[in-house]
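A short reminder: the numbers here are calculations on the coordinates, not readings from a lab. Predicted model, so just to flag it, every value in this text is computed and none were measured. Positions of Cβ are generated from backbone atoms using ideal geometry, with glycine treated the same way; all protein chains shown enter the neighbour counts.
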Amino acid sequence: MNKKCVKIIASAAITPAGSDINSSLESFFDGKPSFSLPDHFDSKGLSLGICRDIDTASAKGNSRAERLLNALLPQLSRHDAWSSEIPLYLATTVGSIDLLENSSGGIYPDATGNLLECAGKIFNLKNTLLVSAACASGQKALVMAAESIIRGQNRYALVVGCDICSEFVTSGFFSLGALSHGVTSPYDADRDGLTLGEAAGAVLLAADDCPEAAEGYIRGWGETCDAAHITAPEVSGVGLVAAIADALTMAGVLPEDIAGIMGHGTGTVYNDQAEIAALNTFFNGSSRALYSLKGNIGHTLGATGVLQNIFGVRFAQRGIFPPQAGLKTPMKGAEKMVSAAVSGIVGNKILSLNIGFGGLNSAIILEVAS
């Protein structure tokens, strides 16, 4: 085992597909997207990935993001025994943005600061850090936490990713022309944009020599920045290639050791183009099973990287990827990667990719525990 390994010892998730990890998994393998019209704002007919478990009238008065975090806590094993000194890394792009949308009387709350404060109280942790790196926030937070453990600064660290569907974010992506006219279809030849979703995920990390059993391991990572455009990626994928190469080098593994890829796969024309170009370049045309959660639950922004690592481990444990939701005809270059049927994964190492506005690229190598 690589000496730089960090263990995943507990995890939790709530998604539009299910109220916990297992119910979400079953929905993913059914291959059906979980999109519907929101009740809390007028989306102008656009279906979104809504977590209906928190969508209740009795829960009004606080943020949907806070409700998501409250739903995570009971799922995390051993949370009652945590030390309050464990650092919390919160990945979010807009935090409790609905509080700002619904504010009145000239009082404008700090949306991200509010969610960070709520997270500290919910998880009973006092050392909290906000990580906001656009759509790469989730994996950026995981990398920061893992680095702190490897450097010996911490023995444990909790990483939480959370974002909600809101009028503010929906309007912003609409103004960019990035939203699908229907629902998203990652890696499809006729993809026309993304569908937004809301979710929350939590991962408790530990040093490799801690006594707790591992669900999986983070073996290596790489991060780069294209800096080609304020929102669009560099379409050749050269920056993502470099991030993947750095992750494999750190993990001490070869390209042929990668069993499958948890892709960013937003369903936008340029994101998917850049990602497929990078994968074909790095793996020299050899196929790898590729899957994006966003076809099932939408783009969950700061939560997406955390969810990819949670579910990537589960898929590798089962030895299969779910059908790619929304896929009809694979885009050029992805024909041997994506499938509308269940795909086999041979091996115990998964590559997870995150891409964010400003050209941010993140690659993490996951390994399933024996």
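Below, the figures for the structure above:
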item	result
For region 6-368, with +1 on Lys and Arg beta carbons and -1 on Asp and Glu, the positive-most of Val6, Ala133, Ser148 along the dipole	Val6
Rounded to the nearest 20 debye, dipole of region 230-370 from Cβ charges on Lys, Arg, Asp, Glu	400 debye
Ile107/Cys210 FRET efficiency (R0 35 Å; Cβ-Cβ; nearest 0.05)	0.20
Phi to ³J(HN,Hα) by Karplus 6.51 cos²θ - 1.76 cosθ + 1.60 over region 136-153, Hz, x for Gly, Pro	9, 4, x, 6, 4, 5, 4, 5, 4, 5, 5, 4, 5, 6, 5, 6, x, 6
For region 258-265, 3J(HN,Hα) per residue [Karplus equation, 6.51 cos²θ - 1.76 cosθ + 1.60, θ = phi - 60°, Hz, x = Gly/Pro]	7, 7, x, 10, 8, x, 6, x
Cβ-placed point charges (K, R +1; D, E -1), dipole of the chain about Cα centre in debye, nearest 20	500 debye
Rg(Cα) / (2.2 N^0.38 Å) computed for region 6-368, rounded to two decimals	0.91
Gyration tensor (alpha-carbon) shape descriptor, region 266-346, a/c threshold 1.5	rounded
Residue-span extension gain [Phe168 to Lys126] - 0.36 nm each, minus C-alpha spacing	12.2 nm
Above-threshold pairs, the threshold being 26 Å between Cα atoms, out of Lys140/Lys294; Lys140/Lys336; Lys140/Lys349; Lys121/Lys294; Lys7/Lys126; Lys4/Lys349	Lys140/Lys336; Lys121/Lys294
The chain: calculated mean residue ellipticity at 222 nm from DSSP helix runs of at least 4, using -39500 (n - 2.57)	-8500 deg cm²/dmol
Anisotropy class of region 231-370 from Cα gyration tensor, a/c 1.5 cut	rounded
